[in-house]
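What follows is a set of notes on a single structure, which appears directly below.
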Amino acid sequence: MLHGPNLNLLGTREPEVYGSVTLEGINQSLTEESNKLQVQVSCLQFNHEGDLVDAIHKAPLEHQGIIINAAAYTHTSVAIRDAISGVNIPTVEVHLSNIYRREEFRHHSYIAPVVIGQISGFGSNSYILGLEAIVSHLRTTN
Ligand code: DQA
């Protein structure tokens with residue numbers, strides 16, 4: 001699970017948009033859900049674009065899939081898109097908010113064309129849905 005910039009502020013950051021669950025709370029729910037699904041999840045958060053690129057490059061060494069909320073880099077980062085398409089590891093894009101109901105600059109995702117699919121708008125539950133999606137993808141394709 002890769003969390004992008006500013007998501008370390010969840011809990012206090014614009015709660016009317018992102019809810020009041022903290023990043024730690026989200027990671028805890030993901031770990032609980034991963035136990036139920038009998039998979040392992042590691043959760044990392046980076047504010048810097050290059051750190052996310054490095055983490056994507058390393059992902060195939062230890063992991064079978066990526067769930068990513070690239071946050072603002074979703075709408076700006078060709079580097080993150082190229083990293084995902086470069087490593088060729090199944091990836092699910094998630095967002096807390098429905099990016100298509102918000103400002104126009106959030107309507108475009110550079111990442112969407114290189115992922116299996118996108119989950120957007122279900123608050124902290126987007127992450128659980130993302131985990132279920134990647135696990136079900138891996139179980140049906142492997
Ligand atoms: C976000 C949506 C992005 O537009 C925004 O920049 C974020 C969070 C979400 O999860 O809703 O930081 O990815």
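Odds and ends about this structure:
- Any hit, the stretch 4-18, residues being away from the ligand (no atom under 15 Å from the Cβ), free of Cβ contacts under 8 Å to residues at least 60 places away in the same chain and over 21 Å from Phe105 (Cα atoms): no
- Members of the stretch 123-142 found to be within 18 Å of Pro15 (Cβ to Cβ) and either touching a residue at least 60 places away in the same chain (Cβ under 8 Å) or surrounded by fewer than 17 Cβ atoms within 10 Å (Cβ to Cβ) (or both), listed by number: Gly123, Ser124, Asn125, Tyr127
- The residue of the stretch 1-59 that is surrounded by the most Cβ atoms within 10 Å (Cβ to Cβ), among those that are at pLDDT below 95 and among the small types (Gly, Ala, Ser), is Gly19.
- The number of residues in the stretch 92-109 that are buried (at least 18 other Cβ atoms within 10 Å of the Cβ), without any contact (Cβ under 8 Å) to a residue 40 or more places away in the chain and either farther than 12 Å from Ala71 by Cα or β-branched (Val, Ile, Thr) (or both) comes to 2.
- Any hit, the stretch 32-52, residues being near the ligand (Cβ under 10 Å from one of its atoms), polar (S, T, N, Q) and without any contact (Cβ under 8 Å) to a residue 40 or more places away in the chain: no
- Residue match in the stretch 94-110 (condition: acidic (Asp, Glu), in a loop (DSSP other than H, G, I, E, B), at pLDDT 95 or above and more than 12 Å from the chain's Cα centre (by Cα)): yes
- Given (1) assigned to a helix (DSSP H, G or I); (2) under 19 Å from Val135 (Cα atoms), index of the condition Gly25 fails: (2)
The values are calculated or read from the model by the stated rules, or taken from the named source; none is laboratory data. Only a predicted model underlies this, so the values are computations on that prediction, with no experimental measurement involved. As a convention, Cβ positions derive from the backbone with ideal geometry for all residues, glycine included, and neighbour counts pool all protein chains shown.
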